[in-house]
Amino acid sequence: MEKLKQLLLKYNRQGPRYTSYPPANFFHEKFTNSDLISHLATSNSNGSENISIYIHIPFCSQRCHFCGCNTTLFENNDVIDRYINCVIKEIQNYSKHLDIKNRKVTQVHWGGGTPNSISRKFITKVMNEIHKTFIIGENAEIAIECNPAYLDKEEIVFLRESGFNRISVGIQDFNTKVLDTVNRLHSKLPHKELIELIREAGFTGVNYDFIYGLPYQTVESFNETIKQAIELSPDRLVTFSYAHVPWFMGAQKILEDAGLPSPDKKLSMFLSSMDLLVKSGYEQIGLDHYAKPSDDLAKALKEKILHRNFQGYCTKETTGQVYGFGCSSITQLWDAFSQNEKNLHKYIKRIEADGFAVERGYALSFNERVCKEVINETMCNGIVDFEQIGSQFAISATEVKSIVGYKDENLKEFIDDNLLVINNNRLEISKEGMMIVRNIAMAFDPQLNTEGDKYSKTI
Ligand SMILES: C[S@@+](CC[C@H](N)C(=O)[O-])C[C@H]1O[C@@H](n2cnc3c(N)ncnc32)[C@H](O)[C@@H]1O
Ligand code: SF4
């Protein structure tokens, strides 16, 4: 464990999270509504045939000091009503440009903010619109991020009856002192009762989110939290490293006064929780995601068909091009990204006036699509077969390597540390290597600039 810790400390450098390639800080304002519309049209014939939908609900009744998400403190129901009407209008406008007769929806994800904090009538309205507009695939994954502060039996049954089959519960920590310090509401129900109700209601997947690196967390206290989670036995679990970016999220400064754990302590929390989870039978996915061996994500990792988008890991079956609705949401197409206005009121005004609300975006060149594929395979499956990726783009392995700026010397450090092996045109990352996979991915990013761009640390 000590050896692994030293290794992780060595590679704890600033770098992109690669939830997209190029990373979101490359998006620019020259990309406008009309660019989005032309890319929507081409998305019908390029890339995956599936449709994934993301719905952003930015509202929260109370703001957690650590939060790095795009949220807004509760607005009155009139504003929420206008917002929901805008989301519906946006869905209708997108659908005019999409082949909705031949393309099925395989994934719907509601994120936020706190999607389960708004009135049920709003959730029903948007769900009805999705069902009215699109053909939903038989095994579609329909997920919602929930804060347990608003979950009771009635709400859980309502969500299930609305069509959700996966639920992601933001636990963060079971320790109440930690929750109080970060200004987070407590769960409405005891967690054992909550997960039993979720299972009884017929949800096929339960995910728990945790964060390590918050004030008052210690290795021992976080271990207790993880042990409790193992007993409750969610299908998937994530331990997020607390991303401290106070230059971007001013409220996070409050946590500095309460005292943040040192990077060394933070790393021990990560390693210790990983040890507990792996020993209890969870499969590790990427750095900080875990799934039961029977879960689709664990199976996809074994078969090397794991994917990833802004909403997290997914399987090839459920992955589609993502059409994002609501403020700040990101539409993730085969050859472009388009992000909506982040500000709620600007978003509403622009949708009401123009029907679309693009704030910024990015159209990928051919070379960038190649890099995106290499980085995706690195981050998700830990295997990069340059020959095979070349064949997808009708180019040679040598050309792929040249496009991503492949240099033996950039990988030497990883090879020396036994983190990866290279055989001809195939690179395989070891289990330890997957823990610093962001660093390895950086070696295939010809546009990387860690000097000018401010990124969080890789661990
Ligand atoms: C939109 S929130 C989840 C939904 C719901 N609002 C909640 O808090 O339960 C998505 C997840 O992002 C994670 N998160 C938020 N801010 C973070 C930060 N600064 N660093 C790391 N993870 C963060 C939390 O674990 C959270 O559950
Ligand atoms: S963590 Fe969740 S509940 Fe807390 S402010 Fe962020 S989005 Fe809202």
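Every number here is computed from the coordinates shown, using simple stated rules; none is lab data. Quick caveat, the model's predicted, so the values are computed rather than measured. Quick reminder, even Gly has a Cβ in these numbers, built from the backbone with ideal geometry, and neighbours come from all protein chains shown.
Here are some notes:
- Sorted by Cβ neighbour density within 10 Å, fewest at the top, the residues 247, 334, 110: 247, 334, 110
- Taking the number of Cβ atoms within 10 Å of each Cβ as an exposure proxy, the fewest-first ranking of 61, 241 is 61, 241.
- Selection from 281, 364, 402, by position along the positive dipole direction of the chain (Cβ): 364
- Packing-based exposure ordering (other Cβ within 10 Å, fewest first) of 331, 218, 72: 218, 72, 331
- Each 10 Å bin from 0 upward holds the following percent of the Cα-Cα pairs of the chain: 4, 20, 31, 29, 14, 2, 0.
- Using θ = phi - 60° and Karplus 6.51 cos²θ - 1.76 cosθ + 1.60, couplings along segment 77-86 (whole Hz; Gly, Pro as x): 4, 5, 5, 4, 4, 4, 4, 5, 4, 5
- Pair residue 96, residue 152: separation of 7 Å Cα→Cβ label points (nm): 4.3
- Segment 366-442: relative contact order in percent, alpha carbon pairs under 8 Å with at least 6 residues between: 34
- Using only side-chain charges placed at the Cβ, +1 for Lys and Arg and -1 for Asp and Glu, the dipole size of segment 23-363 relative to its Cα centre rounds to 420 debye.
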